[in-house]
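> The structure that follows is given in the form of structure tokens.
The values are calculated or read from the model by the stated rules, or taken from the named source; none is laboratory data. Since we're looking at a predicted model, the values are computed, not measured. Here Cβ is always computed from backbone atoms with ideal geometry, including for glycine, and neighbour counts include all displayed protein chains.
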Amino acid sequence: MSQPTVPGPRLLASYIPVSAGPWLSEADQVFDAGTIFDYIDGAGEVYRSYNMKHLVARRFHKDGRPDIVVDAFDMGSAADAFGVFTHDLDGADAAIGQGSTYRAGLLSFWKDRYFLSVYAEEETAETKALVLELGRMIAAAIPGAGETPGLLRLLPEEGLEAGRVRFFHNHSVLNYHFYVADADILRLGQKADAVLAAYRDSGGRSRLLVVSYADAPAAALAGASFAGAYLAGDRRGAGQKTASGKWTAFRVRGRLVAVVFDASSEAAARYRLDAVERLIDGEKRGE
Amino acid sequence: MSHRTITRRDFLKVASAGPLAGALAPALARPAGVPAEKARVVLVRNEDALDPSGAPKAEVIQAMLDDAVRALVGEKDVVKAWKTLIRPEDTVGIKTNVWGKLPTTAEVEQAITRRVMDAGVPEDRLSVDDRGVLRNPIFQKATALINARPARTHQWSGMGSCIKNYIMFTPQPSAWHGDTCADLAGIWNLPEVKGKTRLNVLVMLTPLFHMIGTQQYNKDFTWAYKGLIVSRDPVAADATGLRVLEAKRREHFQDDGLLKPTPHHIQLAETRHHLGVSDPARIELVKLGWSEGLLI
């Protein structure tokens with residue numbers, strides 16, 4: 001008998017405790033990418049954009065106290081679990097799972113292929129402690145660990161703003177974090193892998209976007225599309241000054257496209273892209 | 001629908017002309033066909049709109065709605081005012097919003113229902129519905145619609161707006177999610193709704209100005225604004241509500257206040273779909289009642 005490639009929601013549910021202190025759980029609700037709108041309406045598009053497989057929602061209730069809700073997502077891969085976690089990075093590190101934030105009653109974390117949201121409908125000292133305890137228990141129950149996307153290794157460390165790195169696939173999510181264009185001028189589709197990072201230097205904040213396409217022709221097409229729509233057809237991508245006085249430049253390398261937005265000077269954009277190219281070369285040499 | 005691509009560079013060119021222009025990047029130019037006249041919007045607030053638990057007070061909500069409709073149509077008598085919107089022979093669907101954490105509220109629904117009946121529509125030709133509108137026989141036969149929903153941020157469309165409230169008139173709402181709901185105004189051309197909307201009520205009693213997590217709601221990111229925004233023009237109502245939400249965000253976060261994702265469906269409702277007016281400069285805003293913390 002062949003093994004299923006996607007663990008079922010029952011396995012995911014088994015990682016969630018049935019009680020949280022004196023709070024008792026209600027019946028689980030289970031959704032997939034086709035039914036998630038029944039649970040969170042259009043907001044489900046965020047999770048669909050990261051290729052979600054299942055969502056197990058478990059509500060904990062105690063009379064007279066705020067409910068606590070666990071939303072446990074099987075994202076199908078560690079890369080997408082990490083990616084959906086990076087969609088909202090506001091909050092303090094809670095040191096749970098492989099990356100976490102806590103803010104105003106909401107704990108978010110990822111571990112292996114799973115993304116977890118543990119939420120108290122009202123934050124009190126008691127519910128905050130329970131939310132964090134639930135998170136620790138769930139993280140401990142998930143046996144594996146996952147790897148962050150390899151694309152992150154192409155981000156130069158110099159000037160990188162910690163906590164502002166996003167991984168995603170489509171242009172709607174890119175626009176959410178950094179508006180580029182209403183149309184998908186970088187031809188991300190839903191299959192590209194992309195990482196967006198913020199950098200800070202004496203010239204202010206700039207952005208670096210690195211996209212990995214299916215193959216080199218796809219990357220070349222994306223570069224040409226971006227040049228045509230954004231850089232007045234400058235296919236060399238050496239750098240153009242925008243109305244804000246900042247510089248945009250891009251390079252295509254194999255199946256990768258790297259774009260610098262809002263660099264303080266043409267030289268600063270070139271410096272960042274050179275650093276990316278060195279990291280690409282290092283990856284190829286297996287460093 | 002074909003249209004020219006709007007990029008960040010266009011945004012920056014416009015933004016350099018002023019901060020508000022930057023927020024309106026998709027509305028770079030008003031196309032031919034969009035009326036130049038102003039759209040009237042009434043913002044009414046009452047400091048006494050909510051009881052100590054935060055629940056709406058029915059009699060105050062009724063008075064707020066009455067004041068707003070009178071000001072909107074320019075008629076002193078409230079029933080006469082409603083009769084300029086609704087005819088006795090109309091079949092009326094009141095499109096509400098039942099999102100559990102922040103619904104339209106029964107008090108707003110009841111205030112509208114009462115005045116529709118005062119305008120001469122019998123109870124059996126009137127219905128209030130949200131998720132079931134496509135199966136509801138009254139909505140199927142409706143000659144008039146009233147659109148009422150709360151203002152809130154939204155994780156995919158940017159803002160839960162009057163425009164967006166009609167998504168339940170489509171058999172597959174997710175079909176309208178492209179480019180973070182850019183073309184929601186296209187729904188208003190569907191035969192179920194086209195030309196039927198007589199009034200839009202954007203409920204601003206306790207708006208949600210920020211969201212976090214899958215549940216999208218945290219009471220900490222609501223505030224007692226105690227207002228209603230009322231207009232015949234859904235785009236103008238939403239554009240006004242958006243100004244309030246962004247002003248609140250500026251006050252709270254001490255940043256530019258812009259919503260993420262950008263609720264560009266509001267501007268595109270004007271520039272691409274010609275549904276109404278999104279440009280604040282072409283909105284006649286009538287402010288009534290409590291002015292403390294007005295924000296706009």
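> Quick one: is B:ASP90 over 20 Å from the mean Cα position of the chain (by Cα) and in a loop (DSSP other than H, G, I, E, B)? First the steps, then the outcome.
Details: over 20 Å from the mean Cα position of the chain (by Cα): yes; in a loop (DSSP other than H, G, I, E, B): yes.
Yes.
> What residue, of B:SER161, B:SER174, is within 14 Å of chain A (Cβ to nearest Cβ) and surrounded by fewer than 20 Cβ atoms within 10 Å (Cβ to Cβ)? Give the derivation first.
Values: B:SER161 fails: surrounded by fewer than 20 Cβ atoms within 10 Å (Cβ to Cβ).
One residue alone meets the criteria, B:SER174.
> Further question on the same structure: Applying the selection to region A:53-68, what residues are farther than 30 Å from A:ALA194 by Cβ and either within 11 Å of chain B (Cβ to nearest Cβ) or aliphatic (A, V, I, L, M) (or both)? Give the steps one after another, and end with the answer.
We begin by selecting, within region A:53-68, every residue farther than 30 Å from A:ALA194 by Cβ; these are A:58-68.
Residues satisfying the conditions are A:ARG59, A:PRO66, A:ASP67, A:ILE68.
> Would you call B:VAL42 at pLDDT 65 or above, more than 14 Å from chain A (Cβ to nearest Cβ) and surrounded by 20 or more Cβ atoms within 10 Å (Cβ to Cβ)? Walk me through how you get there before you give the answer.
Details: at pLDDT 65 or above: yes; more than 14 Å from chain A (Cβ to nearest Cβ): yes; surrounded by 20 or more Cβ atoms within 10 Å (Cβ to Cβ): yes.
Here the answer is yes, as B:VAL42 does meet what is asked.
> Restricting attention to region A:112-171, and to residues there that are part of a helix (DSSP H, G or I) and acidic (Asp, Glu), which single residue is nearest to A:VAL18 (Cα to Cα)? If you could, list the steps in order and put the result at the bottom.
Residues of region A:112-171 part of a helix (DSSP H, G or I): A:125-141, A:150-154, A:171.
After this cut, where a residue has to be acidic (Asp, Glu) as well, the list is A:126, A:133.
On the way: A:GLU126: 18, A:GLU133: 13 Å.
The selected residue is A:GLU133.
> So, one more: Please state which of the following conditions B:ARG149 fails to meet, knowing it meets all the rest: (1) surrounded by 17 or more Cβ atoms within 10 Å (Cβ to Cβ); (2) in contact (Cβ under 8 Å) with a residue 60 or more places away in the chain; (3) of a type in the set (D, E, K, R); (4) within 30 Å of A:TYR50 (Cβ to Cβ).
Evaluating B:ARG149 over (1) surrounded by 17 or more Cβ atoms within 10 Å (Cβ to Cβ); (2) in contact (Cβ under 8 Å) with a residue 60 or more places away in the chain; (3) of a type in the set (D, E, K, R); (4) within 30 Å of A:TYR50 (Cβ to Cβ) leaves (2) as the failure.
> So, in region B:180-223, of the ones that are surrounded by 18 or more Cβ atoms within 10 Å (Cβ to Cβ), more than 16 Å from the chain's Cα centre (by Cα) and assigned to a helix (DSSP H, G or I), which residue ends up modelled with the highest pLDDT?
B:PHE221
> Restricting attention to region A:23-51, report how many residues are surrounded by fewer than 20 Cβ atoms within 10 Å (Cβ to Cβ) and on the phi > 0 side of the Ramachandran plot.
1
> Does region A:244-256 contain at least one residue that is free of Cβ contacts under 8 Å to residues at least 12 places away in the same chain and not in a helix (DSSP H, G or I)?
Of the residues in region A:244-256, the ones free of Cβ contacts under 8 Å to residues at least 12 places away in the same chain are A:245.
Then keep just the ones that are not in a helix (DSSP H, G or I); that gives A:245.
Within region A:244-256, one or more residues are free of Cβ contacts under 8 Å to residues at least 12 places away in the same chain and not in a helix (DSSP H, G or I).
> When the residues of region B:113-130 are narrowed to those that are under 20 Å from the mean Cα position of the chain (by Cα) and part of a helix (DSSP H, G or I), which ends up farthest from B:MET168 (Cα to Cα)? Don't jump to the end; show me each part of the working.
Taking region B:113-130 first, the residues under 20 Å from the mean Cα position of the chain (by Cα) are B:113, B:115-116, B:127-130.
So of that shortlist, the ones also part of a helix (DSSP H, G or I) come out as B:113, B:115-116.
Working: B:THR113: 20, B:ARG115: 24, B:VAL116: 22 Å.
Residue satisfying both the conditions and the ranking: B:ARG115.
> Something else now. Evaluate the following for A:ALA79: is it over 22 Å from the mean Cα position of the chain (by Cα), small (Gly, Ala, Ser) and crowded, with 19+ Cβ neighbours inside 10 Å?
Values: over 22 Å from the mean Cα position of the chain (by Cα): no; small (Gly, Ala, Ser): yes; crowded, with 19+ Cβ neighbours inside 10 Å: yes.
Taking the combined requirement at face value, the residue does not satisfy it.
> Another one. Please work out which one of (1) outside any loop (DSSP other than H, G, I, E, B); (2) within 14 Å of chain B (Cβ to nearest Cβ); (3) farther than 17 Å from B:TYR217 by Cβ; (4) of a type in the set (Phe, Trp, Tyr) is the condition A:TYR50 fails and give its number.
Exception for A:TYR50: condition (1).
> Separate question: Looking at (1) more than 29 Å from A:LEU279 (Cα to Cα); (2) among the polar types (S, T, N, Q); (3) facing chain B (nearest Cβ under 9 Å), which one does A:ASN175 not meet, given that it meets all the others?
Failing condition for A:ASN175: (1).
> Out of the residues in region A:172-199 meeting the condition of being over 10 Å from the mean Cα position of the chain (by Cα) and in a strand (DSSP E or B), tell me which one is nearest to B:ARG4 (Cα to Cα).
A:ALA181
> Looking at (1) surrounded by fewer than 16 Cβ atoms within 10 Å (Cβ to Cβ); (2) touching a Leu at 6+ places or on another chain (Cβ under 7 Å); (3) under 29 Å from A:PRO66 (Cβ atoms); (4) modelled with pLDDT of 95 or more, can you tell me which one A:ARG153 breaks?
A:ARG153 satisfies all of (1) surrounded by fewer than 16 Cβ atoms within 10 Å (Cβ to Cβ); (2) touching a Leu at 6+ places or on another chain (Cβ under 7 Å); (3) under 29 Å from A:PRO66 (Cβ atoms); (4) modelled with pLDDT of 95 or more except (3).
> How many residues are within 23 Å of B:GLY227 (Cβ to Cβ) and either hydrophobic (A, V, I, L, M, F, W, C) or not in a helix (DSSP H, G or I) (or both) when one looks only at region B:131-179?
Going residue by residue through region B:131-179, those that are within 23 Å of B:GLY227 (Cβ to Cβ) are B:145-154, B:157-166.
Filter again for either hydrophobic (A, V, I, L, M, F, W, C) or not in a helix (DSSP H, G or I) (or both), leaving B:145-154, B:157-163.
Matching residues across region B:131-179 total 17.
> Another question, if that's okay. Check region A:90-100 and report whether any residue there is within 14 Å of another protein chain (Cβ to nearest Cβ), at pLDDT 95 or above, in contact with an Asp or Glu (Cβ under 9 Å, 6 or more places away or on another chain) and more than 26 Å from A:LEU151 (Cα to Cα).
The answer is no; no qualifying residue exists.
> Continuing with the same structure: State whether the residues of region A:176-189 include one that is in contact with a Pro (Cβ under 7 Å, 6 or more places away or on another chain), touching a residue at least 24 places away in the same chain (Cβ under 8 Å) and surrounded by 15 or more Cβ atoms within 10 Å (Cβ to Cβ). Full working, then the answer.
Looking only at region A:176-189, we keep the residues that are in contact with a Pro (Cβ under 7 Å, 6 or more places away or on another chain), and these are A:176, A:182.
Next, from what is left, pick out any that are touching a residue at least 24 places away in the same chain (Cβ under 8 Å): A:176.
Checking the rest, the ones that are also surrounded by 15 or more Cβ atoms within 10 Å (Cβ to Cβ) come to A:176.
Within region A:176-189 (the criterion being in contact with a Pro (Cβ under 7 Å, 6 or more places away or on another chain), touching a residue at least 24 places away in the same chain (Cβ under 8 Å) and surrounded by 15 or more Cβ atoms within 10 Å (Cβ to Cβ)), the answer is yes, since at least one residue qualifies.
> Here is a follow-up. Given the conditions (1) more than 14 Å from every other protein chain (Cβ to nearest Cβ); (2) surrounded by fewer than 22 Cβ atoms within 10 Å (Cβ to Cβ); (3) more than 27 Å from A:ALA57 (Cα to Cα), report the number of the one that A:ALA141 does not fulfil.
(3)
> Conditions first: (1) in contact with a helix residue (DSSP H, G or I) (Cβ under 6 Å, 6 or more places away or on another chain); (2) touching a residue at least 60 places away in the same chain (Cβ under 8 Å); (3) within 22 Å of B:TYR166 (Cα to Cα). B:GLN267 passes all but one, so which condition is the exception?
Tallying (1) in contact with a helix residue (DSSP H, G or I) (Cβ under 6 Å, 6 or more places away or on another chain); (2) touching a residue at least 60 places away in the same chain (Cβ under 8 Å); (3) within 22 Å of B:TYR166 (Cα to Cα), B:GLN267 fails exactly one: (1).
> Kindly establish whether B:VAL121 is within 20 Å of B:ASP66 (Cα to Cα), out of contact with any helix residue (DSSP H, G or I) (no Cβ under 9 Å at 6 or more places or on another chain) and of a type in the set (A, V, I, L, M).
On the way: within 20 Å of B:ASP66 (Cα to Cα): yes; out of contact with any helix residue (DSSP H, G or I) (no Cβ under 9 Å at 6 or more places or on another chain): yes; of a type in the set (A, V, I, L, M): yes.
In short, yes.
Let's see how each residue does on (1) among the hydroxyl-bearing types (Ser, Thr, Tyr); (2) in contact with a strand residue (DSSP E or B) (Cβ under 9 Å, 6 or more places away or on another chain); (3) free of Cβ contacts under 8 Å to residues at least 60 places away in the same chain:
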site: B:ILE187; (1), (2), (3): no, no, yes
site: B:LYS194; (1), (2), (3): no, no, yes
site: B:ILE212; (1), (2), (3): no, yes, yes
site: B:TYR217; (1), (2), (3): yes, yes, no
site: B:ASP233; (1), (2), (3): no, yes, no
site: B:ALA236; (1), (2), (3): no, yes, no
site: B:THR240; (1), (2), (3): yes, yes, no
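> Continuing with the same structure: Pull up region B:224-262, narrow it to residues that are more than 14 Å from chain A (Cβ to nearest Cβ) and β-branched (Val, Ile, Thr), then point me to the one that is surrounded by the fewest Cβ atoms within 10 Å (Cβ to Cβ).
The residue in question is B:VAL244.
> Got at least one residue in region A:157-169 being among the β-branched types (Val, Ile, Thr), touching a residue at least 24 places away in the same chain (Cβ under 8 Å) and within 14 Å of chain B (Cβ to nearest Cβ)? Let's see the steps before the verdict.
Quick first cut of region A:157-169, residues among the β-branched types (Val, Ile, Thr) only: A:165.
Add one more test, that the residue is touching a residue at least 24 places away in the same chain (Cβ under 8 Å), and what stays is A:165.
Remaining after also requiring within 14 Å of chain B (Cβ to nearest Cβ): none.
Taking every residue of region A:157-169 in turn, none turns out to be among the β-branched types (Val, Ile, Thr), touching a residue at least 24 places away in the same chain (Cβ under 8 Å) and within 14 Å of chain B (Cβ to nearest Cβ).
> Is it fair to say B:ALA224 is within 21 Å of B:ILE61 (Cα to Cα), hydrophobic (A, V, I, L, M, F, W, C) and touching a strand residue (DSSP E or B) at 6+ places or on another chain (Cβ under 7 Å)?
Details: within 21 Å of B:ILE61 (Cα to Cα): yes; hydrophobic (A, V, I, L, M, F, W, C): yes; touching a strand residue (DSSP E or B) at 6+ places or on another chain (Cβ under 7 Å): yes.
In short, yes.
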